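Below is one structure; the comments refer to it alone.
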Amino acid sequence: MGGTLEQRNDGTTEESRVPTFRRSDLLVIQTAFLGDVVLTTPLLSVLASRHGPVDVVTTPAASGLLEGHPAVASVIRYDKRGVDRGWRGLHRLGADLRGRRYRRVYLPHRSLRSTALAWWSGARERIGFADAPGAIAYTSRVRRARTGHEVERLLALAGSTPGVPAVSLALAARDHAEADTWLEARGIGTRFAAIAPGSVWGTKRWPYYAELVSRLDRPVLIVGGPEDSALAQAIAAANPERAVSAAGALSLRGSAAMIQRASVLVTNDSAPLHLATAVGTPVVALFGPTVPEFGFGPRRPGDVSLGHADLACRPCSRHGPERCPLGHHRCMRELSVEVVLKAVLDVVSAEESRAICPRN
Ligand code: SF4
């Protein structure tokens, strides 16, 4: 098993080293975290509006999210922690890309691996950020803004744009059916809240989700990946009448379809925040060691970001450390259930008062 698995948007897949066709002469390499891939969709939309759908190299976890997206021609998986790990796997994928004869490569992710892939692809034009460690290998270096939302920062790679397309996922009928089937089997109808208590980084996890659920007046769906299931089960076990865990139970796209059906999503600074943005669900986002000003906050009017306002140590890192370096984790521990509950009720009230205009 050495080739790259290509997922075509005509529903077929092919494992090959030597490409038998070419869908686009533009390639975007985005192998960062799930949320970053979601926030790259406006850039994909702008490029597609100018040149037609583009090819994308991304991680296996994120590849399914881009399937069927109208801005994407082909999704090329790069399993950097699995079959493609190490320089040998990287070089193998680079050789595959070279065979596709891309004219131009965009690099929203600033990793050296991405730079190496762009270089080995043989593309004459390589467009990335000037502050990337491998920027010397780019043919066009774009200044990365220090402020603003990540969506706009990434869009700078495409030059000036008349507007900002929405963060988007092209959910299919099967994704909605997966969500509906799962919810109906558990008797969950409309007016439920969703929470996403997990995060890759320990200090980003707000510790009071179980208490919040006990204070809400509606069913609560707990969303997340398989790695979040123990935490989700513990919250559900503390609220057996009200909460049910869907962590790890559905595909990523099915989870996004479930989030779309929720009245609100309460989440840490993590990927579900961006999934909610993409499907138009109101968000209450809880920030601990990070801040929305880093550029990864919610975007929808009416969304709420909460964080400890009076803590000199905050923010303490770009991603959030696994453990609080000061040992007290006050940024999250002192973000009270009362404050979060009030925000949730306000957001839900505003959403339901205009429910006659359904979201899309
Ligand atoms: S140092 Fe401050 S901001 Fe960082 S995790 Fe600890 S309490 Fe939070």
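Couple of notes before you dig in:
- Checking each residue of the range 148-156 against the condition of being over 30 Å from Val347 (Cβ atoms) and in contact with a strand residue (DSSP E or B) (Cβ under 7 Å, 6 or more places away or on another chain) gives at least one match.
- Pairs where the first residue, in the range 213-237, is on the phi < 0 side of the Ramachandran plot and modelled with pLDDT of 95 or more and the second is polar (S, T, N, Q) and in a helix (DSSP H, G or I), C-beta under 9 Å, 6+ apart: Ile222/Gln233; Val223/Ser255
- Selection status of Val339, more than 21 Å from Val223 (Cβ to Cβ) and either within 16 Å of the ligand (Cβ to nearest atom) or modelled with pLDDT of 95 or more (or both): yes
- Every condition in (1) part of a loop (DSSP other than H, G, I, E, B); (2) modelled with pLDDT of 95 or more; (3) not aromatic (Phe, Trp, Tyr) is met by Asp10 except one, and the failing one is (2).
- Per-region count, the range 68-90, residues surrounded by fewer than 13 Cβ atoms within 10 Å (Cβ to Cβ) and either touching a Phe, Trp or Tyr at 6+ places or on another chain (Cβ under 8 Å) or β-branched (Val, Ile, Thr) (or both): 0
- Listed by position, the strands (runs of 3 or more DSSP E) contained in the range 121-229 that have at least 3 residues being among the hydrophobic types (A, V, I, L, M, F, W, C), open to solvent by 60 Å² or more (accessible area, probe 1.4 Å) and more than 30 Å from Val244 (Cα to Cα) form an empty set.
- Selection from the range 71-97 of residues that are under 17 Å from Leu27 (Cβ atoms), out of contact with any strand residue (DSSP E or B) (no Cβ under 6 Å at 6 or more places or on another chain) and not in a helix (DSSP H, G or I): Ala71, Lys80, Asp84
- Members of the range 116-128 that are of a type in the set (Phe, Trp, Tyr) and either in contact with a Leu (Cβ under 7 Å, 6 or more places away or on another chain) or under 11 Å from Leu26 (Cα atoms) (or both): Trp120
- Residue among Leu65, Leu107 that alone is within 29 Å of Pro292 (Cα to Cα), buried (at least 21 other Cβ atoms within 10 Å of the Cβ) and at pLDDT below 95: Leu65
The values are calculated or read from the model by the stated rules, or taken from the named source; none is laboratory data. Please read all numbers here as calculations on a predicted model, not as lab measurements. So basically every Cβ, Gly included, is an ideal-geometry build from the backbone, and we count neighbours across all protein chains shown. Side chains are part of the model used for accessible areas, which takes the heavy atoms of the whole protein and leaves out ligands, DNA and RNA. Shrake-Rupley method; radii C 1.70, N 1.55, O 1.52, S 1.80 Å.
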